[in-house]
Amino acid sequence: MLLLHCLLLLLLLPLGSRPQKFPTRDEELFQMQIRDKAFFHDSSVIPDGAEISSYLFRDTPKRYFFVVEEDNTPLAVTVTPCDAPLEWKLSVQELPEEASGEGSGEPEPLEQQKQQITSEEGTELFSYKGNDVEYFVSSSSPSGLYQLDLLSTEKDTHFKVYATTTPESDQPYPELPYDPRIDVTSLGRTTVTLAWKPSPTASFLKQPIQYCIVINKEHNFKSLCAVEAKLSSDDAFMMAPKPGLDFSPFDFAHFGFPVDNNSGKERGFLKSSKFGRQTPSKPRVDLHKICIGNKNIFTVSDLKPDTQYYFDMFAVNTNTNMSTAYVGTFARTKEEAKQKTVELKDGKVTDVFIKRKGAKFLRFAPVSSHQKVTFSIHSCLDAVQIQVRRDGKLLLSQSVEGVRQFQLRGKAKAKYLIRLKGSKKGASMLKILATTRPNKQSFPSLPEDTRIKAFDKLRTCSSVTVAWLGTQERNKFCIYKREVDDSYNEEQKKREQNQCLGPDTRKKSEKVLCKYFHSQNIQKAVTTETIRGLQPGKSYLLDVYVIGHGGHSVKYQSKLVKTRKFC
């Protein structure tokens, strides 16, 4: 076991310090010791079977110690670089006979013990330089004082260290399958489907494992620690301590948390605004982490077409919160399907259907010279985005809801490219008219408010009275009614709000009347109508259609009304 002899404590602590015990593999004792902040304060000791997190300043080496008391002891050491390559070396030197537990008598003076150990050059067991998660594993290690030296020459960085003398039974890191690669099973313009083989830790050992996928456009990651460092606005997942202060992962005060004098209480996490050390926030990186439970197939969506993405998978043991990286992969999404450009004819209405989040391109090339060009658009459902370019120059970019008309300055032999982008909520339908003749108007003019108002006080058991706004242009208005169930609600009404569906789609029995109406005084452009012959206590959906000179109709917002049950 990794038991720190009193010699090691004397080496690490100043004279006069109260003696401390190194944590043992006794779980109850170990848990009690890690709750004691004073135990790990300024400690360079690696506990047995616990992962520690620490910080390196650039070009400033750091050394950790642990003692193996018995020969032929199994040993495993894992070092995880987070956001920069590390240089690290593991070495061992013999303990003095009096410190090995075999001698007897009074211990040697402190200075003599320190000199006896540090004067000897330790035997190097392993060294590594890079940013991979690297391991030292030995089934039979000699007793001695082990030293782990770490150095970062690139930048200040975080790292993690795990050491154990019982590697066979611990297994805190999830085991990888015999084929640890991530397979791309399906590739689309905005989606990539990934599959991987489950970790034996989950399938055979039945330990709780969840998988976390990381997606970015730059490179693959070799550890979840590196991902967390990149995700943080401070470019590190922990606050760096002030220079000159060593610290342990259990000393939360160095990370901006308040000092908790009552070690028996759990420490609560604070909001980011209360961290002790404030740093300027950096732009968020285009990096996403998604934890999906224990599934081993997942489809990543909402990607950009014709874009290369890097995918990493990490198996996380939810008991230990320690992770192992699968072999990452990358893939390029398919190109956007080439849009077929629709030709618009002067003065003719064209129907356009756009898939959810999709786009359509239209082209208008007037055959004759023109001073102005008019684009009239009727969005049937939700708002759509329109862009108009003339010979490559952007002239118009607007969101359109309902009926809108845009008049642009013309140019001889000009060609117009129209891009229509649909709604994120669902598919979009619209009608568009392009013309160089200003008097050519197929769409009827509409008031700003297309609601139908019902007068509650004029409601009877067999009739309702409603009103709606008109315009200064003389148009034909038709009103229709349809009986609906009492359970009919606003959500159902919204789904039926296709403004492009005209009176020709309605049953003749639903027609109430048609009439012409306009007013030169826009303030008085209001009309009322009483709808009779209704049943007591029944609900009705009322629709008003305005029909333009070209025969194109636009529906006002539907109105749900109910007759009185008793009169």
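Only one entry in Gly551, Gly502 is at positive phi and of a type outside the set (A, V, I, L, M), namely Gly551. Of the strands (runs of 3 or more DSSP E) contained entirely in the stretch 515-562, those carrying at least 2 residues that are in contact (Cβ under 8 Å) with a residue 60 or more places away in the chain and more than 12 Å from Ala454 (Cβ to Cβ) fall at 539-547, 553-555.
The conditions of being part of a strand (DSSP E or B) and at positive phi are not met by Gly347. Of the residues making up the stretch 453-468, not a single one is within 45 Å of the chain's Cα centre (by Cα) and surrounded by 15 or more Cβ atoms within 10 Å (Cβ to Cβ). On inspection, Thr307 passes the criterion of being open to solvent by less than 80 Å² (accessible area, probe 1.4 Å) and either more than 21 Å from Val403 (Cα to Cα) or in contact with a helix residue (DSSP H, G or I) (Cβ under 7 Å, 6 or more places away or on another chain) (or both). Answer yes if at least one residue in the stretch 375-391 is among the aromatic types (Phe, Trp, Tyr) and open to solvent by 30 Å² or more (accessible area, probe 1.4 Å), and no otherwise. So far as the stretch 375-391 goes, no, none of its residues is among the aromatic types (Phe, Trp, Tyr) and open to solvent by 30 Å² or more (accessible area, probe 1.4 Å).
Answer with yes or no whether Lys413 is surrounded by fewer than 16 Cβ atoms within 10 Å (Cβ to Cβ), in a loop (DSSP other than H, G, I, E, B), at positive phi and not assigned by the TED database to the domain that holds Ile547. When the stated conditions are applied, Lys413 passes them. Beta carbons closer than 6 Å, at least 6 apart along the sequence or on distinct chains, pair a first residue in the stretch 381-395 that is in contact (Cβ under 8 Å) with a residue 40 or more places away in the chain with a second that is open to solvent by 80 Å² or more (accessible area, probe 1.4 Å) for Asp382/Lys425; Ala383/Glu401.
When the strands (runs of 3 or more DSSP E) confined to the stretch 131-224 are screened for residues that are under 23 Å from Leu56 (Cα atoms), those reaching at least 1 such residues are found at 134-141, 144-151, 157-164.
Of all the residues in the stretch 142-156, those that are open to solvent by less than 10 Å² (accessible area, probe 1.4 Å), out of contact with any Phe, Trp or Tyr (no Cβ under 7 Å at 6 or more places or on another chain) and modelled with pLDDT of 90 or more number 1. Summed over the stretch 289-342, residues that are more than 26 Å from Ala229 (Cβ to Cβ) and hydrophobic (A, V, I, L, M, F, W, C) total 3.
Of all the listed residues (Ile522, Ile479, Ile531), the sole one being open to solvent by less than 20 Å² (accessible area, probe 1.4 Å), of a type in the set (A, V, I, L, M) and over 30 Å from Asp351 (Cα atoms) is Ile531. All conditions in (1) touching a Leu at 6+ places or on another chain (Cβ under 8 Å); (2) at pLDDT below 90 hold for Lys425, with the sole exception of (1).
For the stretch 55-77, the tally of residues that are within 16 Å of Ser44 (Cα to Cα) and open to solvent by 10 Å² or more (accessible area, probe 1.4 Å) stands at 7. Note on the stretch 392-402: among residues that are in a strand (DSSP E or B) and open to solvent by 40 Å² or more (accessible area, probe 1.4 Å), the one that is farthest from Leu362 (Cα to Cα) is Glu401.
Within the set Tyr545, Tyr480, Tyr540, the sole residue that is more than 20 Å from Ser376 (Cβ to Cβ) and in contact with a helix residue (DSSP H, G or I) (Cβ under 6 Å, 6 or more places away or on another chain) turns out to be Tyr480.
Across the stretch 346-373, which residue is farthest from Gly392 (Cα to Cα) among those that are among the charged types (D, E, K, R) and over 44 Å from the mean Cα position of the chain (by Cα)? Among those residues, the one meeting the criterion is Lys348. Exactly one residue out of Thr465, Thr460 is touching a Phe, Trp or Tyr at 6+ places or on another chain (Cβ under 7 Å) and polar (S, T, N, Q), and it is Thr465.
The values are calculated or read from the model by the stated rules, or taken from the named source; none is laboratory data. If you're wondering where the values come from, they're calculated on a predicted model, not measured in any experiment. Note that we place each Cβ from the backbone using ideal geometry, even for glycine, and neighbour counts take in every protein chain shown. Keep in mind that these areas ignore ligands, DNA and RNA; they rest on the heavy atoms of the full protein, side chains included. Shrake-Rupley method; radii C 1.70, N 1.55, O 1.52, S 1.80 Å.
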